[in-house]
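One structure is given below, encoded as C-alpha cells.
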C-alpha cells in the first residue's frame, strides 16, 4: 500500500488568502497536513479489493454476457461506475467491456434542449424516473473516467463524452440548483466549472465557480452544511469535494481541500465507533443502523480504516447494496483525511454535548434549524427543532444504544413535521409544532422502538424497558396503545431500508388545545452497561 504524506503548503496558503472566514479549528486541522492516499487496483488491501470485486460481480456476474448486463432496467449510474471499475481493474477483457458500456451509456442522455430534463441521463432505459440529479452523477463519473483514461480511450469515444458533458453542464446551469442542496450542488459546481475550463466555455466556467463560492459562503455562515448529518449524502458530498481537490485548480481546489476536511471533521464528530453508527437527528437517512444498510459515508470510513472489523457496513450485502458502486469514484479520487480525524473514527468517543445551527430553507420551517446531540460511548441521542417538512428521510429524534447481545437498538421519532425534539445531557423533550402558529387539531404522536427484547406491556407505564435500556417517561398525554408491528417504511413513517423482524409502535393522543411550549413527552434514558457473554 502506498501512503503519500502531502504537505499541501501551497494549498494552505491559498486557503488563508482566499478564505478569510475559515475558523481557527479548520486552520489547525490544515496545519496537520492531511494524509493523502491514492489507489491502484494492485495496491488495494485484500479487504478493499473484496469490496470492489463484490460490486463488479454483483452487477456483472462472471457467467453473464455484457448484453445481458446492459438491459432495459439496469441503473445507468451503476453501469457507468461498472465501466470505471473495469478500467481500474484492467484484467482480461475489462478494457473492451468498459468501452462498450460507455458507448451505450452515452446514448442514454436527454439531449433535447427544449426538455426540462435536458442534459440528464436516464435512470434506466425503461421506467426512467427523469431524475435531474443524473446530470451530476453520470456527468461527474464520465469526467473521472475521461481524466484517468484519456490515453487508452478511443478518440471518437472521448469526443462523445465531451459532447455529453457539454449537454450536462448546460442543463445544470439552467437548473441552477441551490447550494443548500449540498451533495448535488457540490457536484454541479464541479461539473460546470470543469467542463467550462476544459472546453473554454466561459459561462459554464463562471457559473461553476460562482456556485462553488456560494457553497463555501453558506458553509462559513454556520460552519456546517445544509444537508446536515445525512449518512448517505455526506458521502456523496465527500466525493464532490474530492473532485474539487483532485481535478480542479486554483481557488476551487483550495476551497475543496478546506471543505473536504471540514466535512470529515463533522462526520467524525457525529460518529460513534463503539456503536459503528452516526447519531441523529438526520436531515436525510435511509435507516437507523448503518451496520444493516450501505451508506456512502460508511464506505468512505471503511476505506479509510481499512479494517473489516471496524467498518460500519453490513456483514453481508445488506440493504441498499447498490451504493457500493461509489467505490469506483472513491478509489479514483483517493483519500484525504487528517490524522486526528482518522483517529476519532476508530477510538471510543468521549462523552460530549453538541448544539448546531443549520441554515436550511429547503425544508419548510425555520430558516435556521437546530440540532442538539448527546454522545456517550454506549448510547447516544439527538433531536431537531425548526423543521415543518413531513418527509420519511427526516429523522427528528433518535436514541441509539448497544443491546445486550452487542446489536444496536434504537428509538425513533419520525420526521412528520409535527414535532420539535430537543435533548440535554440526560433528557429528550418532544414538543408539538404549529405550522401556522395556531393550535393543532387532535392528532397522534407515534414513537418507534427496536430491540431484540420487545414486549407490548413494557411500554405502557411511566417506565419503559427495552433490554438493557430503560426510559423514564413523563407525559400528560393520553396513552393509546403499544403494538408490535412490521417495520416497513409505511408503518414507521420513515425510510427504513434495513430489515428488522419487528418494532414497537407506541401511540399517544395529542389534544387540539395543546400548548406548543409544553413538552408532549419527556424521555430520560437510563442505560445499563451489560452485555450477554
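The values are calculated or read from the model by the stated rules, or taken from the named source; none is laboratory data. Just so it is clear, the structure is predicted and the values come from calculations on it, not from any experiment. Counting neighbours? That spans all protein chains shown, and the Cβs are built from the backbone with ideal geometry, glycine included.
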Check: What helices (runs of 4 or more DSSP H), lying completely within region 35-137, carry at least 2 residues that are out of contact with any helix residue (DSSP H, G or I) (no Cβ under 6 Å at 6 or more places or on another chain) and over 30 Å from residue 264 (Cβ atoms)?
Finding: 66-69, 94-105
Checklist line | Hits in region 306-331 (condition: surrounded by 16 or more Cβ atoms within 10 Å (Cβ to Cβ) and either in a loop (DSSP other than H, G, I, E, B) or out of contact with any helix residue (DSSP H, G or I) (no Cβ under 8 Å at 6 or more places or on another chain) (or both)) | finding: 306, 311, 312, 313, 314, 318, 319, 320
Check: Is it the case that residue 367 is surrounded by fewer than 24 Cβ atoms within 10 Å (Cβ to Cβ), out of contact with any strand residue (DSSP E or B) (no Cβ under 6 Å at 6 or more places or on another chain) and part of a loop (DSSP other than H, G, I, E, B)?
Finding: no
Check: Yes or no: residue 222 surrounded by fewer than 19 Cβ atoms within 10 Å (Cβ to Cβ) and in contact with a strand residue (DSSP E or B) (Cβ under 8 Å, 6 or more places away or on another chain)?
Finding: yes
Note to self: I'm checking my understanding of the structure. Among residues of region 479-513 that are in a helix (DSSP H, G or I) and touching a residue at least 12 places away in the same chain (Cβ under 8 Å), which one is surrounded by the most Cβ atoms within 10 Å (Cβ to Cβ)?
What the structure shows: 492
Checklist line | Flag for residue 516 being part of a loop (DSSP other than H, G, I, E, B), surrounded by 14 or more Cβ atoms within 10 Å (Cβ to Cβ) and within 30 Å of the chain's Cα centre (by Cα) | finding: no
Note to self: For region 350-361, give me each residue that is at pLDDT 95 or above and either within 19 Å of residue 313 (Cα to Cα) or exposed (fewer than 14 other Cβ atoms within 10 Å of the Cβ) (or both).
What the structure shows: 351, 352, 353, 355, 361
